[in-house]
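Chemist: Here it is: the structure, laid out below.
The values are calculated or read from the model by the stated rules, or taken from the named source; none is laboratory data. A quick note: this is a predicted structure, and the numbers were derived from the prediction, not measured. Positions of Cβ are backbone-derived with ideal geometry, glycine not excepted, and every protein chain shown enters the neighbour counts. Quick note on the areas: whole protein, heavy atoms, side chains included, nothing else; ligands and nucleic acids left out. Shrake-Rupley method; radii C 1.70, N 1.55, O 1.52, S 1.80 Å.
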Amino acid sequence: MEPLDKPDELLALHDVTAVLFDTLRDWFDVPDRVSLSLQDVDAAVTELSEPVMVAAMAMRKLQALRLLSQPGVRTSTDVVVSIVQDLDRALLHAPSLHLERRARLADWDAALEELTTTPEEQPAHQEDPAGEGEDAETAAFRALHARLHEAVHAVVQASDGQIRYFV
């Protein structure tokens, strides 16, 4: 069988992955390089409980997905589905882990002082326009995450539910 052309939704992930990658780096202060312990089979238990390492592993998957979303790079239905599935849990929990981390690292004295300033002196906060309690950055992150699912659906639909190659 001839390879299929990549659906537009998959091609669009090239830019989406870059934004998600940068957001994870910013939210979790992921260094340019991370190392993995292969000392024994249980070494990952400690590493994968650290939000920075979870973000780093997700960033690596985003790098792979970005590569596969480029025109001319051969991939298949199952590979796209697997990578997005691997990313799903990390991206789903990233906003709440980010908020927990931010709360843990907050300068609470400065935050209290900000609360006691007069309303005219307080900086404007970005609120969620839908009124769901999310800030604009989190809402944008969730919308980009949803685009990964749109790409998977488009790939599965284009391949008629079969494992097919795409270029």
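Chemist: Could you say which residue among 24, 10 is touching a helix residue (DSSP H, G or I) at 6+ places or on another chain (Cβ under 6 Å), part of a helix (DSSP H, G or I) and within 13 Å of residue 148 (Cα to Cα)?
Modeler: Just one listed residue meets the conditions, 10.
Chemist: From 39, 70, 63, 85, grab the single residue that is touching a Ser or Thr at 6+ places or on another chain (Cβ under 9 Å) and open to solvent by 60 Å² or more (accessible area, probe 1.4 Å).
Modeler: Values: 39 fails: touching a Ser or Thr at 6+ places or on another chain (Cβ under 9 Å); 70 fails: touching a Ser or Thr at 6+ places or on another chain (Cβ under 9 Å); 85 fails: touching a Ser or Thr at 6+ places or on another chain (Cβ under 9 Å).
Result: 63 is the single residue among 39, 70, 63, 85 that is touching a Ser or Thr at 6+ places or on another chain (Cβ under 9 Å) and open to solvent by 60 Å² or more (accessible area, probe 1.4 Å).
Chemist: If you scan the stretch 27-49, which residues turn out to be among the charged types (D, E, K, R) and not in a loop (DSSP other than H, G, I, E, B)?
Modeler: 47
Chemist: Shifting gears a bit: Name the residues in the stretch 111-151 that are surrounded by 11 or more Cβ atoms within 10 Å (Cβ to Cβ), at pLDDT 60 or above and of a type in the set (S, T, N, Q), would you?
Modeler: 138
Chemist: Based on what the data block shows, is residue 20 crowded, with 20+ Cβ neighbours inside 10 Å and not hydroxyl-bearing (Ser, Thr, Tyr)? Reasoning before the result, please.
Modeler: Numbers: crowded, with 20+ Cβ neighbours inside 10 Å: yes; not hydroxyl-bearing (Ser, Thr, Tyr): yes.
Yes: the conditions hold for residue 20.
Chemist: Out of the residues in the stretch 1-16 that are open to solvent by 50 Å² or more (accessible area, probe 1.4 Å) and among the charged types (D, E, K, R), which is farthest from residue 83 (Cα to Cα)?
Modeler: So the residue we want is 2.
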